[in-house]
Every structure is written in structure tokens, then in C-alpha cells.
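To start, the structure under review is shown below, and the notes come after it.
The values are calculated or read from the model by the stated rules, or taken from the named source; none is laboratory data. From a predicted model like this one, the values you see are computed outputs, not experimental measurements. Reconstructed Cβ throughout: ideal geometry from the backbone, glycine too, with neighbour counts over all protein chains shown. Surface accessibility is based on the protein's heavy atoms, side chains included, excluding ligands, DNA and RNA. Shrake-Rupley method; radii C 1.70, N 1.55, O 1.52, S 1.80 Å.
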Amino acid sequence: MTQDIAQRIAALADELEEHLYRYHVLDAPTISDQEFDRLLAELQALEEAHPSLVRPDSPTQRVGGTPTSDFPTVRHARPMLSLDNSYSRQDVEAFDRRVRQSLPDEAVEYVFELKIDGVALSLIYQDSLLVRAITRGDGVQGDEITANARTIPTIPLRLRQSGVNCEIRGEVYMEISDFAQLNAQRAADDGPLFANPRNSTAGSLKLQNPNLVAKRNLRFFAYWIHAEGGGQTRHSECLETLRAWGLMVPEHQRCASLADVFALYDHYAAARAELPYEIDGVVIKVDSLSQQERLGYTAKSPRSAMAYKFPAYQARTRLLDIHLQVGRTGAVTPVAVLDPVPLAGSTIARASLHNADEIHRKDIRIGDTVLIEKGGDVIPKVVGVDRSERPDDSAEYAFPNQCPSCKGSLSRDAEEAVARCDNSTCPAQLRRRLEHFAARNAMDIEGLGPAVVEQLAAEGLVKDLSDLYELNVESLGALERMGEKSAQNLLDGLDRSKEQPFDRVLFALGIRHVGTTVARTLAREFGSLDDLCKASVEELEATHEIGPTIARSLYASLPDLPALDRVLYKLKNKAKLQFEMEAEEAAPASHFSGKTVVITGTLSGYSRDEAAALIERLGGKTTSSVSKNTDLLIAGEKAGSKLARAQALGVAVLDEAAFIAQLQEAGVA
Ligand code: IVH
């Protein structure tokens with residue numbers, strides 16, 4: 001009996017998955033919705049009565065996940081890189097020349113593929129079952145969002161080929177009509193709107209309830225595969241394999257010449273408005289996998305592929321007003337208030353005007369008809385004025401010399417185009433600083449969004465960052481619309497933020513020029529805020545990826561002694577935030593772990609900086625001169641005295657090929 005039921009459950013699950021595949025992937029359903037629902041109801045009833053027989057790949061398990069409060073961070077088996085961008089035929093021709101020069105006397109074929117404007121996702125399959133889905137994150141590690149990915153019907157829970165262990169990468173996206181419908185619903189509910197389909201995809205993937213994700217109509221195009229024992233020799237074969245395994249792949253075509261590539265590009269540049277989803281360009285990939293491998297990677301992207309972006313969408317509209325926004329470092333930026341105009345799938349009512357000089361240079365006036373442009377992920381900007389439509393009574397725009405928030409005077413550095421409010425107690429700056437501090441990529445404080453920040457600041461409960469940690473149930477009780485539960489949530493969120501590592505704290509402080517990457521670099525290099533503040537301009541400049549201008553400005557922005565800064569003192573000693581780096585989490589075991597490495601000579605595949613970054617990522621330390629403390633020398637072409645010295649000292653030496661082999665072993669090349 002149980003045997004029969006198990007068989008029926010399995011048959012129903014298989015049949016339903018097949019119908020989902022035909023409907024979503026092939027777009028060719030063979031049964032009616034009612035018939036599908038009837039089969040699904042039968043399966044659900046059987047599974048409910050026999051929970052032990054529920055298969056992990058049963059279609060009923062797509063939305064089986066329970067809400068999560070957070071997504072675990074997971075390291076990618078190999079980094080998720082990005083693509084180099086090109087914007088002109090010349091850029092693409094230069095790419096083609098580089099490829100051919102690196103592969104002398106070989107025929108090169110390309111695959112032309114659409115570049116989907118969505119969110120990258122990595123899927124891990126074991127024995128053909130989907131076991132994990134991880135967002136790109138910073139490329140090295142991302143969020144595990146498996147329960148959410150399982151709700152996407154075009155992501156197979158089981159591949160249509162048995163016994164496969166692989167990683168598949170691709171793009172999650174939302175069709176433009178689904179995006180429009182979602183925003184219409186949100187507008188009706190008075191909710192905040194998404195700027196474009198990509199943002200709504202990203203937002204949907206981060207929802208903490210898979211049942212809600214399932215309603216978002218997300219879809220997936222696969223464009224990359226790494227399979228154990230995969231027999232493919234060409235990228236185009238990989239795409240065929242992905243299709244055979246039940247996935248959708250982006251529209252693509254093999255091209256023997258650049259002329260073919262350009263013809264297809266022109267075709268899609270015109271046809272993209274008719275596609276149901278957004279593409280922001282095309283991707284050109286070397287078809288042969290062996291050639292791809294030999295072309296290798298830079299620290300950021302494969303040398304065998306290139307994105308060729310479409311030009312930005314443009315529109316004309318009237319400039320109704322110019323608003324001034326005060327940022328967290330006091331920078332005052334002008335924002336164009338526009339007569340709302342549709343542009344590339346969204347309605348634009350505001351656009352960036354950069355700064356006072358830009359307004360002056362372009363002589364942009366209120367009342368003008370302006371040209372606005374939107375390029376992919378950036379906020380639309382005003383790029384020009386149609387003078388012929390200028391009203392007779394228009395006047396040149398005079399940039400105010402007072403802060404719109406605190407009315408203090410604005411200053412301007414000779415070197416900078418930005419007008420700045422220097423009043424550190426400016427109410428607008430305080431709000432922006434608090435918002436930045438609480439943001440997801442900073443201290444990630446739940447319950448401290450812009451509306452709560454506004455209340456806390458307006459009521460005078462929070463006058464600086466350290467005041468946040470002195471809030472309590474009573475003081476929060478005084479706020480309107482803040483129930484006991486939300487108050488407790490916020491206090492819990494603040495408490496949890498005390499565990500954030502030093503690099504997050506450093507970023508959250510909102511020091512000029514200290515973005516997430518710089519914060520991470522500085523935290524690693526100097527170890528603590530005290531030591532960072534003691535650093536000289538030269539020491540700052542010697543830090544990987546920090547140039548002289550930033551070093552100087554950073555030096556000026558850092559307090560001399562954190563202990564004498566009241567807010568920092570309280571954040572460190574009373575709130576007990578992490579002002580020091582904890583011992584680094586272990587880098588993946590590699591040939592470079594714990595070693596002191598020197599790089600010399602010219603490497604053909606990497607710049608010195610790229611090679612150093614990879615070695616550091618793998619747990620090694622790089623220095624510039626060879627000594628008895630050196631463990632390893634990487635010797636490129638024309639290695640001179642350092643190689644001789646290393647040999648004299650008996651230091652191990654790797655040539656470029658051996659170096660790359662070690663990187664490959666560690667999974668970063
Ligand atoms: S290949 C090494 N193919 O564009 C990166 N990417 O920066 C390999 N994208 O992060 C990516 N469509 O999220 C590739 N057909 C396509 C793509 C595509 C969209 C995204 C992807 C990647 C970004 C490039």
C-alpha cells in the first residue's frame with residue numbers, strides 16, 4: 001500500500017514538474033490550468049497524509065520554506081567576477097585584438113549573448129538536486145537565499161539529467177510587465193516604488209518570506225556552468241547542455257567575425273524595446289573553453305569576455321524646480337525636479353544635476369526644457385538644455401550660499417566642485433549620517449529606517465551617533481506611532497549591531513572617502529581606529545588601492561585622537577562597538593597561506609596589484625623586498641636582482657605558469 005502511494009506521489013511530482021517546465025521554460029503548456037491544479041491538489045493531499053514521502057524536489061516544496069530573519073553568508077567556491085564594459089566598436093575591436101594577440105595563429109569564434117539586466121545568482125546542484133543558491137554579494141561571498149530561489153519556476157529543483165554535480169550561474173530577472181504590475185500594486189498600497197525591474201528583482205530576492213517571493217514572478221536565465229567531468233569544449237555547448245538540463249538560456253548566436261557581432265548588436269539595440277525583459281547590452285564571449293582558460297582573468301573579470309553596453313535612453317521634459325539635498329558629509333547637491341516623464345520603463349520625476357559648476361556651465365535654468373538620460377543602474381541625469389524652448393523671462397540659476405537645512409554658510413574647496421555645509425550639528429547632515437550608519441551594508445540596524453531617523457532627530461532624542469545607544473523603552477515610548485514592540489525591535493537591532501566587525505563600523509562612521517572597500521582595506525591594514533588615526537599621509541598612501549588624493553583627504557578627515565572625540569569615545573567605551581579588527585577568518589588553505597611573498601618582474605596575466613590582491617585573499621602577505629623572512633618569490637619576465645637575491649638566500653621561486661597553477665588550485669584563476 002505505502003509502496004503504491006510512494007509511487008503515485010513520485011509520479012505526480014514528476015508529472016507536475018514536467019508541466020511547470022513546459023509552461024514556464026518552453027512556453028508551450030499541454031494541459032489546462034484547472035487540470036494542473038487538480039493534479040497539484042491530489043499531490044498535496046497525499047503528501048499531507050504521508051509527510052515522510054515528500055520529496056525535496058516535489059513542486060509543493062517550492063514554497064515550503066519558512067520565513068528567515070537573516071541570510072547566512074556563504075563563500076563562493078570560485079569568485080563571481082564581473083565583466084569589463086565597452087561602449088563603442090573601437091572598444092570591442094581592441095578587445096578582439098587583445099584576444100587574438102594572446103592566441104597567435106588560432107581561429108577565434110565568439111558567442112554573442114544578450115546581457116540581462118537582473119541579479120546574478122549561483123546555483124549548486126548535487127546529484128542533480130538544487131541544494132544551494134547564493135547571491136553574488138561582493139564576488140567572494142554572498143547571501144544564501146536557497147528558499148527564495150526555489151520559488152522561481154524556471155530554476156529546476158532537479159536537473160533533467162541524473163547524477164550531475166555542478167554550479168550554474170545566471171541572472172534572475174523580472175519581466176517589464178510584472179514589474180509594472182508590482183509597482184501599480186505598491187502605488188495602490190501607498191508603498192515605496194521600485195526604480196526599475198532590476199531593483200525589484202534584487203528586493204524580491206531579499207524578502208524574508210519565500211511565499212511573498214513566489215508571488216513576484218521572478219525568472220532565471222543561465223549563462224555559465226562548471227560541472228564535474230563536464231565534457232563540453234565550447235561555451236555554446238554549455239548553453240545547449242543547460243537547455244537540455246531544463247534551464248532557459250539567454251538568446252545567443254555564434255559569430256565567426258566581429259562584423260557578425262556588430263550586425264547583431266545593431267539589431268538588438270533597435271529590438272530591445274520589444275523584448276519582454278530589460279537588457280542593458282550584449283556579452284561577447286570566446287567560444288572555445290580551452291581558449292577561455294588560456295586567456296585567463298584579471299582580478300575582476302575574465303579576459304575572454306566583454307560586455308558591450310547599449311547607449312543610455314534619453315527623454316525631454318521641463319525642469320520645474322531645483323532642490324538642494326544635504327548629504328552626510330555636508331555636501332549640498334542640486335536635484336532637478338521634473339515634469340514626470342516616462343523613460344526606459346519607469347517614470348522620472350527627479351534627476352541629478354551634479355553640482356553648481358555643472359549647472360552654471362550648461363546654463364540650466366528653472367523652466368527650461370531639458371534632456372535627461374538614464375544609463376542602466378545610475379540615477380537619471382540632466383545632460384543638456386534645449387535653448388530654443390527657453391521662456392523669455394527665465395533667469396540664470398543662482399546657487400544659494402546658505403545651507404537649505406541649517407541656514408549656515410556654505411564653503412567650497414578650491415579643488416572641489418562641491419558646496420559644503422560645515423556645521424557639524426546641521427540637522428540634515430545628522431539625519432543622513434544616521435541613515436548611513438543604520439544601512440544594511442553598514443551597521444544593519446533593523447527598525448532604523450528614514451522615518452524613525454526623522455522622528456528621533458526631530459524629537460531631539462538623538463543628536464549624534466552615540467545617542468542611539470542610549471535610547472531605551474521609555475525614551476522611545478515618547479515617539480508617536482512607536483509601539484512597545486517596535487521600540488523593543490529597534491533596541492534589539494541596536495544591541496545586535498554591537499557585534500558588527502570593525503570594518504563595518506569604520507564604514508558606518510561615514511568618513512569621507514571611506515566606502516565599503518576602502519573601509520575593509522584600512523581595517524585590515526591598520527587593525528584598529530587608534531592605529532588608523534595615528535597613520536601618516538605616507539602610510540595611508542602606501543595602502544593598497546589608496547591614491548595620494550584620497551590619502552590626503554582621508555588624513556584630514558580622520559580625528560587626531562579618537563579618545564578626544566566625544567562621539568567616538570562614547571561609541572567605543574560606552575556602546576562598546578568593535579573598534580578593532582578581530583583575528584581574520586581563515587582564508588582558504590592555499591600555497592600562499594601564512595607566507596610572505598615578493599612579486600618581481602613582469603607578469604603577462606596580472607598586474608602586480610592584482611597578483612598581490614589574490615595572494616592576500618589566499619592568506620599570504622606581500623612585501624616589496626627580498627629578505628631572509630621571504631618565503632616565496634613570484635618571478636615574472638625580466639626578473640632581475642630580486643631573483644638573484646632570492647636564489648642566494650634559498651627562497652622558493654615560482655615562475656608565472658607555476659603561480660597561475662597555484663591560483664587555479666586555490667580556485668581563484
Ligand atoms: S557572463 C565573469 N553573461 O552581467 C562574469 N553575465 O558584470 C560572467 N549578466 O555579473 C558573466 N547577462 O550578472 C554573463 N549573458 C550574460 C549575462 C551576464 C547578464 C550580468 C552578470 C554579471 C554582469 C557583468
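Along the charge dipole of the chain, which of S128, M306, G601 sits closest to the positive end, that is, farthest toward it, with unit charges on the beta carbon of Lys, Arg, Asp and Glu (+1, +1, -1, -1)?
G601
Which are the unpartnered cysteines of the chain, meaning those with no other cysteine Cβ under 4.7 Å from their Cβ?
Cysteines lacking a close Cβ partner in the chain: C166, C238, C255, C533.
Using label points projected 7 Å from each Cα along Cα→Cβ, tell me how many nm separate Q185 and V537, to one decimal.
With each label placed 7 Å out from Cα toward Cβ, I get 5.6 nm.
What 222 nm value per residue comes from the helices of the chain, counting each DSSP H run with n ≥ 4 as -39,500 (n - 2.57) and dividing by all residues, nearest 500 deg cm²/dmol? Can you show the working numbers first?
On the way: 24 runs with 234 residues, N = 669.
The helix contribution divided over the chain gives -10000 deg cm²/dmol.
At 37 °C and 0.692 mPa s, grab the translational diffusion coefficient of the range 187-327 from Stokes-Einstein with a Kirkwood Rh over Cα pairs, rounded to a whole number in µm² per second.
Working: Rh = 19.0 Å.
Value of D from the Cα-based Kirkwood radius: 173 µm²/s.
Could you tell me what fraction of 2.2 N^0.38 Å the Cα radius of gyration of the range 251-356 comes to, as a two-decimal ratio? Please list the in-between numbers first.
Details: Rg = 20.2 Å, N = 106, 2.2 N^0.38 = 12.9 Å.
For the range 251-356, the normalised Cα radius of gyration comes out at 1.56.
Rolling a 1.4 angstrom probe over the protein chains, ignoring ligands and nucleic acids, what is the accessible area of E616 in square angstrom, nearest 10?
The accessible area comes out at roughly 90 Å².
Placing unit charges on C-beta atoms (Lys and Arg positive, Asp and Glu negative, everything else neutral), compute the dipole magnitude of the chain about its Cα centre in debye, rounded to 20.
Details: 75 positive and 97 negative charges, 222 e Å.
That gives a dipole near 1060 debye.
Give a residue-ordered list of calculated ³J(HN,Hα) values for the range 271-276 (Karplus: 6.51 cos²θ - 1.76 cosθ + 1.60, θ = phi - 60°; whole Hz; x for Gly, Pro).
Those phi angles translate into 8, 5, 5, 8, 6, x Hz.
Rounded if a/c is under 1.5, else prolate if a/b beats b/c, else oblate: with a ≥ b ≥ c from the C-alpha gyration tensor eigenvalues square-rooted, which is the chain?
Details: a/c = 1.34, a/b = 1.13, b/c = 1.19.
Rounded shape, in that the Cα axes give a/c under 1.5.
Which of rounded, prolate, oblate describes the range 73-193, given a ≥ b ≥ c as roots of the alpha-carbon gyration tensor eigenvalues and a/c under 1.5 marking rounded, otherwise prolate only if a/b is larger than b/c?
Working: a/c = 2.22, a/b = 1.33, b/c = 1.66.
Because a/c hits 1.5 or more and a/b fails to exceed b/c, the range 73-193 counts as oblate.
Hey, can you rank 8-20, 429-441 by average C-beta count inside 10 Å, highest first?
The packing order, highest mean first, is 429-441, 8-20.
Explain nothing, just the number: dipole magnitude of the range 65-198 about its Cα centre with +1 on each Lys and Arg Cβ and -1 on each Asp and Glu Cβ, in debye rounded to the nearest 20.
Values: 15 positive and 20 negative charges, 59 e Å.
The calculation lands at about 280 debye.
S394: net charge of surrounding residues, Cβ under 12 Å, Lys/Arg +1, Asp/Glu -1, itself excluded?
-2
Under 12 Å from the Cβ of C421, count the other residues' Cβ atoms, weight Lys and Arg +1, Asp and Glu -1, and hand me the total. Each step should come with its number before you reach the end.
Values: positive: R328, K407, R412, R420, R432; negative: D422.
So the surrounding residues net to +4.
Determine, at each q value in 0.12, 0.18 (inverse angstroms), the log₁₀ of I(q)/I(0) that the Debye formula gives when each Cα of the range 529-669 is one equal point scatterer.
Results for the range 529-669 at q = 0.12, 0.18 Å⁻¹ read -0.64, -1.04.
Which one, I379, Q34, Q3, projects farthest toward the positive side of the charge dipole computed for the chain from Cβ point charges (K/R +1, D/E -1)?
About the Cα centre, the residue reaching furthest to the positive side is I379.
Taking only the alpha carbons of the range 1-155, what extent do you get along each of the three principal axes, in Å, biggest first?
68, 38, 26
Setting aside same-chain residues fewer than 8 positions from K498, which lysines have a Cα under 22 Å from its Cα?
Straight-line reach from K498, under 22 Å: K463, K485, K570, K572, K574, K576.
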